There are 2 protein chains.
Amino acid sequence: MSADPAIRRDIPDATVARLPEYLRALSDVADRGISSVSSEELAQAAGVRSTQLRKDLSHLGSYGIRGVGYEVEHLALEISRALGLTQDWPVAIVGMGNLGRALAAYSGFATGGFHVAAVFDEDAALAGALVADLPISPMTDLALLVRERGITIGVIATPAASAQSVCNALVEAGVRSLLNFAPLVLVVPDDVDVRRVDLSTELHVLAFHEQRKSLPPELGVAR
Amino acid sequence: MSADPAIRRDIPDATVARLPEYLRALSDVADRGISSVSSEELAQAAGVRSTQLRKDLSHLGSYGIRGVGYEVEHLALEISRALGLTQDWPVAIVGMGNLGRALAAYSGFATGGFHVAAVFDEDAALAGALVADLPISPMTDLALLVRERGITIGVIATPAASAQSVCNALVEAGVRSLLNFAPLVLVVPDDVDVRRVDLSTELHVLAFHEQRKSLPPELGVAR
DNA sequence: GCAACTTTGTGCCCGCGTTCACAAACGCTT
DNA sequence: AAGCGTTTGTGAACGCGGGCACAAAGTTGC
Ligand SMILES: NC(=O)c1ccc[n+]([C@@H]2O[C@H](COP(=O)([O-])OP(=O)(O)OC[C@H]3O[C@@H](n4cnc5c(N)ncnc54)[C@H](O)[C@@H]3O)[C@@H](O)[C@H]2O)c1
Ligand SMILES: NC(=O)c1ccc[n+]([C@@H]2O[C@H](COP(=O)([O-])OP(=O)(O)OC[C@H]3O[C@@H](n4cnc5c(N)ncnc54)[C@H](O)[C@@H]3O)[C@@H](O)[C@H]2O)c1
């Protein structure tokens, strides 16, 4: 048996997806000078049920005090450790168009060990221009800079037509985690993780529900 | 009984979330001049299993031809109808900072009935400036323009500190579907839908998996 | 017109995740 | 020190969604 307080093996994906929100909620209450929270309070701040929060946290270990709650700073540290935010994560962003620039300038980026380590664009006219204190590098420097700066996470903010080739270049350079903003499904080796953020999808889902709201009469049966 | 070919009641949320991707995949094959696809081909383009695709589509009705496949244009139309994309969806964007401008300029926005009908910012210095051919309106005009232009979907691209009050203003004006880019959980009435897009969350999840990749030795038991 | 082949649509089962219910643990009060 | 109220942590029940297997239905070839 193990005397190690932290077991944290096999954290369910659904739980992992919620941990960042707990972290943000904890940061909120910490800003209000509060040093201890109950699962009920924290759950409300994170938009989930308290049972869900407790079950999620139970996967990382037992960091609460019964009859009291959770010590804010300690819990935040444990969640950060579980997510791997205690280490540095240099990120590369490819595609310095409207979206890419906004992302590079995004201050929320700098939370939890992340920082923009390099930005790329194939447009020669942009090469050298500064974006958030970083010069835009040409694609030919990608492999070199990725290795030199230990970049492990790549963000794709190019048009869909270029996204797959950019993806290939990043993977080739050794990047195994990708955040894709282009509207297409990337083909990658098994050991590469891709997460996609798609505005259109979100709007479509909203439209679906909105449509349902406006026609409630014909709900029970076929018309 | 009903002779209506389209029943489409009770479409599971998980299916709704994938329909936009099917639509995009269909648009891709249509661009290649193909008029008929099998579930296998389409599923591959959408990054899912063919059984999943067929099960999803079965919730909208029976639009395939056994032994042949799906007629591209027809299926696209049916999915569009199910999602409610055959009607017009005027969208308001609040917060014309880095992200808001990128969103307003985003061409992919204009697919499937969506179009930016108004953009807002509280900064008086920005009032009247053009973003994607639209003048930035002051927040005092929000209720009026929302009603005048039939806006039903709102996008929040302000800092977190302002997001809840902006949300309240939108809901007060009658908007019942929101897309929130600010990193916080909005409090809304039950009949309002909120979807959140959060860059940090995505990065955190990537970091978690990336961390797991780099320490595979200690997988079986506690160290 | 029939047989062989192809592809869709769906009933069924299984696994994951959420919620419920409750016991265990802790602080506080007396 | 003992009892009480509070809150955590977790086993168990339940419901949803994904994948398998197969029947239904249509096409093509002869
Ligand atoms: N703008 C948005 O709000 C928004 C929202 C959601 C998704 N997206 C998606 O994000 C992507 C970028 O959007 P955008 O509005 O910034 O587009 P954009 O046209 O403004 O910028 C694209 C940039 O990528 C660069 N680029 C093109 N091909 C490249 C390549 N092979 N290698 C490196 N750089 C390359 C271009 O030079 C350009 O600077 C698109 O796929 C778009 O669909 C954008
Ligand atoms: N930039 C990104 O890539 C990015 C990525 C993810 C999330 N976000 C989030 O999106 C939001 C906007 O980011 P940004 O980089 O564009 O910030 P920004 O500071 O560039 O822009 C914010 C804009 O909102 C306006 N604003 C502030 N309060 C307002 C109010 N009460 N009513 C109307 N307008 C108001 C400001 O005048 C400003 O123009 C933030 O919450 C940020 O966390 C940004």
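Conditions (1) in contact with a helix residue (DSSP H, G or I) (Cβ under 8 Å, 6 or more places away or on another chain); (2) closer than 16 Å to residue B:199 by Cβ, marked per residue:
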{"residue": "A:88", "(1), (2)": "yes, no"}
{"residue": "A:100", "(1), (2)": "no, yes"}
{"residue": "A:111", "(1), (2)": "yes, yes"}
{"residue": "A:116", "(1), (2)": "yes, yes"}
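Quick one: is residue A:131 within 16 Å of DNA strand D (Cβ to nearest atom) and surrounded by 14 or more Cβ atoms within 10 Å (Cβ to Cβ)? Steps first, answer last, please.
Working: within 16 Å of DNA strand D (Cβ to nearest atom): no; surrounded by 14 or more Cβ atoms within 10 Å (Cβ to Cβ): yes.
Criteria not met by residue A:131.
If only one of A:215, A:184, A:199 is under 17 Å from the mean Cα position of the chain (by Cα) and within 30 Å of residue B:115 (Cβ to Cβ), which one is it?
Details: A:215 fails: under 17 Å from the mean Cα position of the chain (by Cα); A:184 fails: under 17 Å from the mean Cα position of the chain (by Cα).
Only one candidate passes the filter, namely A:199.
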Within the range B:50-77, of all residues that are under 22 Å from the mean Cα position of the chain (by Cα) and part of a loop (DSSP other than H, G, I, E, B), the one surrounded by the fewest Cβ atoms within 10 Å (Cβ to Cβ) is B:59
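Kindly evaluate residue B:83 against the criterion of being within 11 Å of chain A (Cβ to nearest Cβ) and either within 25 Å of residue A:214 (Cα to Cα) or among the small types (Gly, Ala, Ser) (or both).
yes
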Counted residues in the range A:13-47 being among the β-branched types (Val, Ile, Thr), within 13 Å of DNA strand D (Cβ to nearest atom) and within 14 Å of another protein chain (Cβ to nearest Cβ) come to 2
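Kindly evaluate residue B:78 against the criterion of being at the interface with chain A (Cβ under 9 Å from one of its Cβ atoms), on the phi < 0 side of the Ramachandran plot and at pLDDT 95 or above. Explain how you work it out, then say what you get.
Working: at the interface with chain A (Cβ under 9 Å from one of its Cβ atoms): no; on the phi < 0 side of the Ramachandran plot: yes; at pLDDT 95 or above: yes.
Considered against the rule, which asks whether it is at the interface with chain A (Cβ under 9 Å from one of its Cβ atoms), on the phi < 0 side of the Ramachandran plot and at pLDDT 95 or above, residue B:78 comes out as no.
The values are calculated or read from the model by the stated rules, or taken from the named source; none is laboratory data. As the structure is a prediction and not an experimental result, all values here were calculated from the model. Glycine also receives a Cβ, built like all others from the backbone with ideal geometry; neighbour counts cover every protein chain displayed.
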